[in-house]
1. What does the charge add up to near residue 41, with Lys and Arg as +1, Asp and Glu as -1, over the other residues with Cβ less than 9 Å from its Cβ?
2. With +1 on the Cβ of every Lys and Arg and -1 on the Cβ of every Asp and Glu, and nothing else charged, how large is the dipole of the chain about its Cα centre, in debye rounded to the nearest 20?
3. Cα centroid distance between the stretch 31-58 and the stretch 277-344, in Å?
4. Exposure proxy check: 2, 52, 106 ranked by fewest other beta carbons within 10 Å?
5. Can you give me the angle between helix 246-263 and the longest principal axis of the chain, using Cα atoms only, in degrees from 0 to 90, rounded to the nearest 10?
6. From the square roots a ≥ b ≥ c of the eigenvalues of the alpha-carbon gyration tensor of the stretch 19-139, which class results: rounded (a/c under 1.5), prolate (a/b over b/c), or oblate?
7. How tilted is helix 211-223 with respect to the longest principal axis of the chain? Cα atoms for both, answer in degrees (0 to 90, nearest 10).
8. Hey, in the GNM for the chain with a 10 angstrom Cα cutoff, which one of 120, 72, 144 fluctuates hardest?
Amino acid sequence: MSLREITSPDEIRDTRSFSHLEWGAFLSIDDYNHREEIVLGHTPMCKNRLKSWGLYIEDGTRVAACETLERPALVQCKDGKIKSTSTFSIGAVFTPKEHRGKGYASVMMKQMASGIPFKPTLTDADIIKATGVSDVDQTLRVTPLWSDVGTFYEKFGWIGTTDLQYVFEVDGSASQNGVNGTPNGTNGTNGVNGHTNGTNGHSSAVKYLSEEDVYRLADVEASSFASDFEKFPFKGSYKCGIVPDRTVYEWHLARAKFLAKFAKVPEPKVFGAQIGDSWMAWHHMYNARELVILRAKLAKADDLVELIAAAKKHLCKDGFSDQINKIILWEQEREWNHIVDGLSYDAIDQAIEKSQGKREHRGSSIPAVMFVEYKLQKDAMEFVDHGKLTWC
């Protein structure tokens, strides 16, 4: 059996005809191909960086497939030095029904773990521009994935982290949790950046964020990522983080806009909220019925209460609450705000409680990571800042 890159457009579409059964919610196969090739495939994050792979048996039959996505990242070494490198996220791991139960997925992942598909295509200049760190070391390449099958990938060397998250229920009523009024500029009117009259009974003004607002904030955060990343403690020999630049947001938001008509909801025009120096950006996941917080940057823990209330208000007032009934915040955002922004865990927990959030295990999309270089795979590594934003 051999692992090979799938380069023929026709064979890539044939591969998608199988994965469509798993991930093509709302979509016909033609719409699914359009989303992957045109809507997402042409985003800067994916263009020339997304590759398809197949496992083939002796007669040439493809029995399993997956994708890899190359993205710039930082790795801090045991000596304290921070270096730039490439990560190769693995996604869309799929075995057609007729080939399941024969160990093909395991064979494919073993061959993936051997480093076969992880040859960088990003230039050093591309990586330096994204990370801000001029020391590029591709021997430190990393391969993350987000497991939907528990600890399955650990047997091949991937190290799992946490699947903890916070869930905020949305009941769909117009004034739930004390949220009154309508987000200005939603539903296609002007003034998406206008202010609300306050949320959750407070007088503080909350600004709703347009797509361009989110990109502007992402640019600012990406420019400081190296210094923020350095603040993270790590127990092992290395730590790794994917750069949270605007290209990651572009991919998520393009997905949400394209899928809206198939989910029979308005195309979203509001993608986050801001109060003072605190902000969050979100992604509408219609098939999971979730508004997932891609990023929450908090200057004060109490601002989280306002921002969650604003998110609930957006769903209820802008026509999404029939399709989306909960807001999801991954545990990694709490950790990031504690370490980078200096907020106490207790204060964040109190804000989550005030917002009627509950902590639970997700049971899916479990972040896991491994070095590409075999000689490094036995070294302990911390995968930091690996929340929903960098998921793929």
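1. Numbers: positive: 35, 47; negative: 36, 37.
Residues close to residue 41 contribute a combined charge of 0.
2. On the way: 47 positive and 53 negative charges, 72 e Å.
Dipole about the Cα centre, nearest 20: 340 debye.
3. If you average the Cα positions of each part, the centres end up 29 Å apart.
4. If I rank by nearby Cβ atoms, fewest first, I get 2, 106, 52.
5. 80
6. Details: a/c = 2.83, a/b = 1.55, b/c = 1.83.
Because a/c hits 1.5 or more and a/b fails to exceed b/c, the stretch 19-139 counts as oblate.
7. Roughly 60 degrees between the two axes.
8. Comparing 120, 72, 144 in the GNM, the peak value goes to 120.
All of the numbers you see were taken from the coordinates with simple rules; none came from a lab. Everything numeric in this text was worked out from a predicted model, so none of it was measured. Every residue, glycine among them, receives a Cβ derived from its backbone with ideal geometry; neighbour counts consider all protein chains shown.
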